[in-house]
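Input: a single structure, listed below in structure tokens.
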Amino acid sequence: MPPHRTQKDESLEALRGIAALVVIAWHLVLGFAPARSGIFPGMDMALSWVGRPWYAIINGTAAVVFFFVLSGFVLTRQALLDGNSRRLVVGIFKRWPRLAGPAAASCAFSWMLFASGAYHFREAAAVTGSPWLADFAYSSMPPGYVPNLADALLQGGAWTFLTGRASYNSSLWTMRWELLGSFVAFATALLAIHLRNDRARFALLFVAIAVAAYANMLLVAFPAGVACALLSAQGRLPRFTAPATVLLLLLAFTMANYTENGLLGRLSAERWGRSLSEILAYTVGAVLLLVAVEQNAWLRRLLSGRVARFLGRMSFPVYLLHVPVLCSAGCMAFLAAGGGRAGLLAAAGATLLFTVLLGWPLAWFDLRWTRLINRIFTRS
């Protein structure tokens, strides 16, 4: 692997895009095939896909954890390569505005759907029986509340980061953890740069992971990503043969397929007295996937090129827009197709199509917004 990469890693950007598609798949299941999700009490658990061999490809929580591990890696790797602590300090200050612009735009889009009467999630939920869909994707919007544009912009630009409130777009629940976790990643990398002893650096990473686990298990993903970045910057990540890479990928898939009530969960409970945390398992799986792809030239080539760039460019807009689109165009398509399996397929097609089409202008905005933020903080 080249010692320096100043541009975005196409293979990792492709994985980010694939993870966004996994999140969409999970939400389609929650909304239009709720019994398959296995998370709603009172539904037939025999229909659940939880723990099935293909569960990993719809496990939205595992995909979100991968986002977090990837953030810890990509936000700090170049600074760790260069030993540039200023890059990390600037990153701390520009992280909130960089995320806030697109998040606010997604809330404004949701407000527009409310104002135009384009949401049909309640009608669709009456057919599917999904509590998630009935509650606007668990957005927890207060009963009788009348959405307004100013509130939508404030929520997307500030309140969701400060309080976790995401009543216009429930996908934004991750933004608070993304911001907090980014601060953890930047601070950990900043301290690591100023420690000249490798033992001290890895003791720091251990402490960072332990403190993050105590605060909230979701935060562990960020220092885990920094650990990968530090090893990569030092050239200590080993290259893997094809069989070893296949093994890593199988282990990563197994971790993404993990549930506390599944076979591995029961085995860990018998061995240690309690099941391994699902979030921790997903973090381990995400690290294994990242390392496997980073250290295998064939996988990097496979996940590079025009399609990879498209997936990477669209990943954040697709993630931000898919819930409002699912609850509007997706629900309309589901109802028009008469529900059932045909309705699910129609909802999936409409959600993917309109999310990508509407994601183009948001991707354009996101690119220019990021350039603006970078210019502002480069001059400061």
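For the stretch 79-94, state whether one or more residues are farther than 28 Å from residue 227 by Cα and among the hydroxyl-bearing types (Ser, Thr, Tyr).
Taking the stretch 79-94 as the starting set, the residues that turn out to be farther than 28 Å from residue 227 by Cα are none.
There is no residue in the stretch 79-94 that is farther than 28 Å from residue 227 by Cα and among the hydroxyl-bearing types (Ser, Thr, Tyr).
Have a look at 25, 20, 46, 14 and point out the one that is part of a helix (DSSP H, G or I), farther than 30 Å from residue 191 by Cβ, out of contact with any helix residue (DSSP H, G or I) (no Cβ under 8 Å at 6 or more places or on another chain) and not β-branched (Val, Ile, Thr). Spell out how you get there, then give the answer.
Numbers: 25 fails: out of contact with any helix residue (DSSP H, G or I) (no Cβ under 8 Å at 6 or more places or on another chain); 20 fails: out of contact with any helix residue (DSSP H, G or I) (no Cβ under 8 Å at 6 or more places or on another chain); 14 fails: out of contact with any helix residue (DSSP H, G or I) (no Cβ under 8 Å at 6 or more places or on another chain).
The conditions single out 46.
With the condition being surrounded by fewer than 16 Cβ atoms within 10 Å (Cβ to Cβ), I'd like the helices (runs of 4 or more DSSP H) fully within the stretch 110-225 carrying at least 3 qualifying residues.
Values: elements: 121-128, 131-134, 149-154, 160-163, 173-193, 198-215.
By residue number, 121-128, 149-154, 198-215.
Here 38, 60 are screened, and the one residue that is under 29 Å from residue 240 (Cβ atoms), of a type outside the set (A, V, I, L, M, F, W, C) and free of Cβ contacts under 8 Å to residues at least 40 places away in the same chain is 60. Across the stretch 303-324, not a single residue is classified as among the hydrophobic types (A, V, I, L, M, F, W, C) and free of Cβ contacts under 8 Å to residues at least 60 places away in the same chain.
Exactly one residue out of 269, 297, 286, 308 is aliphatic (A, V, I, L, M), at pLDDT below 95 and under 30 Å from residue 353 (Cβ atoms): that is 308. For the subset of the stretch 28-40 comprising residues that are modelled with pLDDT under 95 and assigned to a loop (DSSP other than H, G, I, E, B), which member is farthest from residue 57 (Cα to Cα)? Taking the candidates together, the pick is 40.
Just for the stretch 238-263: of the residues that are in a loop (DSSP other than H, G, I, E, B) and in contact with a helix residue (DSSP H, G or I) (Cβ under 7 Å, 6 or more places away or on another chain), which one is farthest from residue 73 (Cα to Cα)?
At the first step, the residues of the stretch 238-263 found to be in a loop (DSSP other than H, G, I, E, B) are 238-241, 257-262.
Retained after the next criterion (residues that are in contact with a helix residue (DSSP H, G or I) (Cβ under 7 Å, 6 or more places away or on another chain)): 240, 257-260.
Working: 240: 19, 257: 23, 258: 23, 259: 25, 260: 27 Å.
Of everything passing the filter in the stretch 238-263, 260 is farthest from residue 73 (Cα to Cα).
Close contacts from the stretch 363-380, counting a first residue that is more than 21 Å from residue 321 (Cβ to Cβ) and a second that is part of a helix (DSSP H, G or I) and not basic (Lys, Arg), with Cβ to Cβ under 6 Å and a gap of 6+ residues or different chains, come to 377/90.
Taken together, 237, 249 contain a single residue that is of a type outside the set (Val, Ile, Thr), at pLDDT 90 or above, more than 30 Å from residue 357 (Cβ to Cβ) and surrounded by fewer than 21 Cβ atoms within 10 Å (Cβ to Cβ), which is 249. Taking the stretch 334-351 as the range and being among the hydrophobic types (A, V, I, L, M, F, W, C), buried (at least 20 other Cβ atoms within 10 Å of the Cβ) and more than 17 Å from residue 35 (Cβ to Cβ) as the test, the residues that pass are 346, 350. Condition test on residue 98, is it in a helix (DSSP H, G or I) and surrounded by fewer than 17 Cβ atoms within 10 Å (Cβ to Cβ)? Against the criterion (in a helix (DSSP H, G or I) and surrounded by fewer than 17 Cβ atoms within 10 Å (Cβ to Cβ)), residue 98 does not qualify. In this structure, is residue 26 of a type outside the set (Val, Ile, Thr), under 23 Å from residue 67 (Cβ atoms) and more than 13 Å from the chain's Cα centre (by Cα)? No; evaluated as a whole, the condition is false for this residue.
The values are calculated or read from the model by the stated rules, or taken from the named source; none is laboratory data. Treat the numbers as computed from the prediction; the structure is a model and nothing was measured. Please note: Cβ atoms are built from the backbone with ideal geometry, for glycine as well, and neighbour counts cover all protein chains shown.
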